[in-house]
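The next block holds one structure in the form of structure tokens; read it before the comments.
The values are calculated or read from the model by the stated rules, or taken from the named source; none is laboratory data. Predicted model only: the values in this text are computed from it and were never measured. No Cβ is skipped: glycine too gets one built from the backbone with ideal geometry, and neighbour counts run over all protein chains shown.
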Amino acid sequence: MMVTGINNLLEEIVQSEEKAAQDARSLTNIMVVDDEPIMRNLLTDVLQDEGYSVRNFSQAEDALKKVISDNVAIIITDIKMKGMDGMELLRRAKEMNHAVDVVVMTGYASIGTAIESMKLGAIDYLTKPLNIDQIRLIVNKTVERQFLKKRANESAFYKKMSQVDGLTELFNHRFFQELLRIEINRANREKWPLSLIILDVDNFKIYNDKNGHPMGDVALKSTAWLLKQNFRDCDFACRYGGEEFAVIIPNADKQLAKKMANRIRRIIEKAEFENEETLPQGTFTISLGIAEYPLDAQSQEALIEKADQALYKAKDKGKNRVVVYKSRTKPIKKTP
């Protein structure tokens, strides 16, 4: 039963991949450009049999007008034609859409010209007289390459989306945890301190309730932008959750982090936020808590906890201030 289930799963995977390949072909628009009707018709028939959408043109000038509007993915063009030749078509088509792939056709005696065309951006070339298997091979290979490139781009896009908070465009909470783990490991290797700032917008619920969530979102985005602009390139600003943010500061003790925290606190206090006068303090402010690894905490969880405790102390002391975590443990006095 288990073997049958695995075989069925493998068959489903193969069928899924085949369907994806068929879909890629049906969605691929190919343009054939040649002033010889026999060549145009041969290429059109072969490619349509393969499942592609094909249009053919006898003149490069007419083809060029349709490159964008027809969403052309591949152009197959003869090099030698009356009027605009294939080399010029290649150059101008790539200027219009750098993603379009161009395959040139040439006689055996003109391979050098085909190679020159590849220097201009052609993806491959076909030699005349045309071989049907060669046509299929080159076009299918080109489409597969486009398909894989698209998949890779989508993968990179979704990977980035999984790391970034949609509203503020800072790293999200999940990726913050991963970054902090990496930076703690690096701090251990390099034997340097690591500071963590956790900050919170003061009275943000009141601001949201009085001004509405859309304006609250704008305020959070502005806060995030100020964080990105006013920390070092090696620091990591993240959205911790709600109106809370975190900044990981590698190779910095908490005294240096305190200077940086006070700087951003003053910048945000002086910045203009719409309707900030509706806040109890009359202006848009933040409170910040700081802890240092490994001085204050020997683990990731403990470091976050200590910075969080410092933040709550800043809130209790009246907000719009920076508090650095202080260990309650007093140093042991050496006996004389």
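So which residues in region 234-280 are within 14 Å of Leu180 (Cα to Cα) and of a type in the set (Val, Ile, Thr)?
Result: Val247, Ile248, Ile249.
Residues checked against (1) touching a Phe, Trp or Tyr at 6+ places or on another chain (Cβ under 9 Å); (2) among the aliphatic types (A, V, I, L, M); (3) outside the structural domain of Tyr125 (by TED's automatic domain parsing); (4) under 17 Å from Arg136 (Cβ atoms):
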{"site": "Ser26", "(1), (2), (3), (4)": "yes, no, no, yes"}
{"site": "Val33", "(1), (2), (3), (4)": "yes, yes, no, no"}
{"site": "Asp49", "(1), (2), (3), (4)": "no, no, no, yes"}
{"site": "Arg55", "(1), (2), (3), (4)": "no, no, no, no"}
{"site": "Lys66", "(1), (2), (3), (4)": "yes, no, no, no"}
{"site": "Lys80", "(1), (2), (3), (4)": "no, no, no, no"}
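Restricting to region 86-120, and then to whatever is assigned to a strand (DSSP E or B) and modelled with pLDDT of 85 or more, can you tell me which residue is nearest to Asp35 (Cα to Cα)?
Met105
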